[in-house]
Amino acid sequence: MSSPVIELDDVKKIYPLPSGDVTALRGISLRIDEGEFVAIMGPSGSGKSTLLNQIGCLDRPTSGDLFLAGKNTREMDDRELTSLRLTSIGYIFQKFNLIPLLSAYENVEYPYIMKHRKNDDTGRVRDLLAMVGIDENLSAHKPNELSGGQQQRIAIARALVNDPAILLCDEPTGNLDSQTSLQIMEILGDLHHRGRTIVMVTHNPETAEYADRTITIRDGMVA
Amino acid sequence: MIGNDIIFALSVRSVRLHFLRSVLAALGIVIGVVAIASIGMMGANMTLSVTEELSDMANKLTVTPYTGGGGGMMGGPGGGGGSSDDDDAITEKEFKTIQRIVAKYGTAYTIMSESDQIEVGSEEGRATIYGLDAEIMREILTVETGEYPKSTTSVVVGPTLAERLDLKIGSKIDIGDPDEGSTTTVRVVGILEERGMSMDLSTDMAIIGTQKLFVGIYGGEGEYDQVNIVVNDLNDIDAVTEAIEDELNRKEDTVTIQDSSRMTESITSTVSTMTTFVMAIAGISLLVAAVSIFNVMMMSVNERIREIGILRSIGTQRTEILRMFIYEAGILGIVGAVIGAVASIVIGYIVVLGMVGTTEYFFAPGSIGYVPIAMAIGAAICIVTGVYPAWRASNLDPIEALRAE
Ligand SMILES: Nc1ncnc2c1ncn2[C@@H]1O[C@H](COP(=O)(O)OP(=O)(O)O)[C@@H](O)[C@H]1O
Ligand SMILES: [Mg+2]
């Protein structure tokens with residue numbers, strides 16, 4: 001039996017707004033084991049991104065506990081959570097979120113440099129770019145010179161550069177056409193087969209088929 | 001490939017991306033640095049050259065009648081204020097005392113002076129008339145053309161006055177106001193060499209005759225407006241001053257003794273007060289520069305909120321975001337300060353040449369030292385100004401920042 005990499009215990013998230021509190025998560029408990037590929041589905045506004053942001057340590061639950069690799073994230077300060085994001089979590093966004101000032105290559109190398117305090121001399125960045133299908137010529141380009149599909153491939157390479165325990169994807173194909181979406185899903189499926197733990201938010205049932213488990217969220221709760 | 005300090009690389013790229021805006025912000029710093037450095041250098045050069053000029057007179061003392069209060073430091077005999085027949089005069093007896101004291105250290109001589117109306121042909125004017133001992137005149141004044149006056153009707157004139165009134169050897173001058181009584185006509189027999197402003201005697205705009213001539217016009221025999229002392233050994237200045245104070249000012253102050261060091265001090269402090277004041281005004285230009293740097297930094301932060309969110313989300317620490325923006329402000333500050341330093345050497349040189357007249361002391365440490373000082377102030381202001389925007393950037397919530405656009 002594999003160990004839980006992610007465990008949520010009655011996680012609630014309330015956004016305090018001037019117009020009144022918005023409860024995005026109403027008490028979510030779940031566990032995801034190592035090597036699993038889990039799809040999170042649900043209607044728009046149901047709290048999928050909020051849930052993923054809690055798991056990705058971009059945000060803190062209002063109440064409840066989140067354990068990553070057995071450690072309670074409640075006890076970690078901002079510095080520790082940030083370094084967890086750097087080393088243990090790979091994040092892929094719907095809007096790609098590459099750094100506009102850096103080339104494709106540099107975008108992938110950035111987390112490597114932040115972690116190792118030196119440039120990549122192992123060839124890892126180059127290999128990852130090759131794996132997602134970005135050749136050397138393309139890797140010199142800035143993000144705004146590349147297509148959406150190319151940007152998302154680079155984002156995947158970036159998410160993997162520090163060999164994270166968890167890969168989180170928030171609608172990774174949401175901004176792509178179906179042909180390109182398929183190619184991106186092939187890459188993610190491949191990563192899953194090689195043992196990567198993946199949690200992916202999607203509202204596309206076809207995309208969700210790549211996962212081996214689907215969790216449906218409705219109105220901030222597991223349906 | 002980018003260097004190991006990827007945070008610094010990002011700062012450089014951000015500055016380069018907004019090149020024009022960055023240049024304009026740095027320009028403010030350039031102007032501030034130039035203003036502070038050149039004003040500082042101007043003041044320093046003024047002080048240094050005045051000090052040097054006055055050191056030529058370090059062995060001279062002037063004794064003037066005590067007038068209560070401080071006694072005008074620049075007064076000198078050219079002041080034109082006191083007439084020879086008032087109570088404020090040095091008597092013959094007092095002069096003898098001074099002479100006796102000075103005897104073993106150097107020499108002392110008397111000066112009579114009066115400011116009066118003069119007329120040359122049909123042209124009217126005013127000048128200082130000095131009465132000097134005929135012997136002394138030969139010792140302390142240099143005649144450029146002509147000769148020294150011997151009779152009670154001949155005089156020498158300063159070069160500035162000669163030029164202004166077109167005086168030549170043989171020209172006649174009427175001294176005195178015809179409405180108030182008789183005038184005295186004298187003949188120019190010599191024109192003096194230029195002597196410049198001086199504490200002991202300012203002859204460039206004056207008419208100089210013998211004391212006999214002077215007494216003939218104004219009376220006041222044995223009453224002097226000033227006694228000048230020339231000491232052979234600089235180190236005796238204090239001894240002479242003390243001895244005269246002891247004899248003449250024991251019961252009550254009757255004379256004021258001034259040496260050039262007091263004058264130097266006074267001028268130096270005046271110049272430095274002035275310089276500090278003007279420099280403070282120049283500092284306002286740095287304040288303006290600070291506002292523009294602040295503005296540019298806030299713009300940079302606001303434009304890059306989403307980028308900051310991305311950087312934070314993939315594991316960039318708050319301190320590194322802070323560093324990134326401090327670097328950005330620092331680059332603007334240091335580039336501005338370096339350009340400002342180069343510009344202030346050029347502009348400062350021109351200003352000093354124009355305002356002080358000599359660049360002899362330009363590269364003296366006390367002068368050129370204002371360049372690094374102004375640079376440090378400029379760069380520091382930039383970095384300090386960048387702290388708040390950088391702090392704001394580093395405290396953005398990653399989720400909120402990612403939602404921006
Ligand atoms: N930062 C936020 N501040 C306030 N409300 C938010 C914020 N993020 C999400 N919400 C609200 O929480 C709810 C869930 O949002 P989200 O998790 O983005 O939904 P989904 O990703 O499933 O579409 C929505 O009602 C949304 O308006
Ligand atoms: Mg969402």
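Listing for the model above:
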{"read-out": "B:ASN295-A:GLU136 FRET efficiency (beta carbon distance; Förster radius 35 Å; 0.05 resolution)", "value": "0.30"}
{"read-out": "Förster-model FRET efficiency, 60 Å R0, A:ILE14 and B:GLU52, C-beta, rounded to 0.05", "value": "0.20"}
{"read-out": "Beta bridges per DSSP with both ends in the range B:60-232, % antiparallel, nearest 5", "value": "80"}
{"read-out": "Gap separating the Cα centres of the range A:106-178 and the range B:124-142, nearest whole Å", "value": "93"}
{"read-out": "At R0 = 30 Å, FRET efficiency that the Cβ-Cβ distance of A:VAL22 and A:ASP78 yields, to 0.05", "value": "0.80"}
{"read-out": "Amide H within-cut-off set for A:PHE37, under 5 Å, with H built and near neighbours excluded", "value": "A:ILE198, A:ASP212, A:ARG213"}
{"read-out": "Fewest-first sequence of A:CYS57, A:CYS169 by Cβ atoms within 10 Å of each Cβ", "value": "A:CYS57, A:CYS169"}
{"read-out": "Semi-axis lengths, Å, the range B:228-344, gyration tensor of Cα atoms, sqrt of 5 times eigenvalues", "value": "64, 14, 14"}
{"read-out": "Fraction of beta bridges assigned by DSSP in the protein assembly as shown that are antiparallel (%, nearest 5)", "value": "70"}
{"read-out": "Exceeding the 26 Å Cα-Cα cut-off - candidates A:LYS71/A:LYS118; A:LYS48/A:LYS71; B:LYS96/B:LYS168; A:LYS13/A:LYS118; B:LYS96/B:LYS150", "value": "A:LYS71/A:LYS118; B:LYS96/B:LYS168; A:LYS13/A:LYS118"}
{"read-out": "Isotropic mean projected area of the C-alpha convex hull, the protein assembly as shown (nm²)", "value": "45.1"}
{"read-out": "Potential extension, B:THR359-B:ASP133 segment - 0.36 nm per residue separation minus Cα distance", "value": "77.4 nm"}
{"read-out": "Chain B - Rg (one decimal) and Dmax (whole number), Cα, Å", "value": "32.8, 102"}
{"read-out": "Ratio of Rg to Rh over chain A (Cα coordinates, Kirkwood Rh, two decimals)", "value": "0.96"}
{"read-out": "The range B:140-151 - phi-based ³J(HN,Hα) in whole Hz, Karplus 6.51/-1.76/1.60, Gly and Pro as x", "value": "9, 10, 10, 8, 7, 10, x, 9, 7, x, 10, 8"}
{"read-out": "Distance between modelled label sites at A:GLN183 and B:GLN99, nm, 7 Å Cα→Cβ extension", "value": "11.3"}
{"read-out": "Label-zone membership for the range B:307-335, site A:LYS71, 7 angstrom Cα→C-beta point, backbone N under 20 Å", "value": "B:312-320"}
{"read-out": "Equivalent ellipsoid, the range B:60-232 (semi-axes from 5 times Cα gyration tensor eigenvalues, Å)", "value": "26, 18, 15"}
{"read-out": "Whole-number percent relative contact order across the range B:161-262, with pairs defined as alpha carbons under 8 Å at least 6 apart", "value": "15"}
{"read-out": "For the range A:18-87, alpha-carbon Rg over 2.2 N^0.38 Å", "value": "1.20"}
{"read-out": "Whole-Å distance, taken between Cα centres, linking the range B:311-343 and the range B:171-250", "value": "67"}
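Every number in this text was worked out from the coordinates using simple rules, so none of it is lab data. All values reported here derive from a predicted model rather than from experimental measurement. Reconstructed Cβ throughout: ideal geometry from the backbone, glycine too, with neighbour counts over all protein chains shown.
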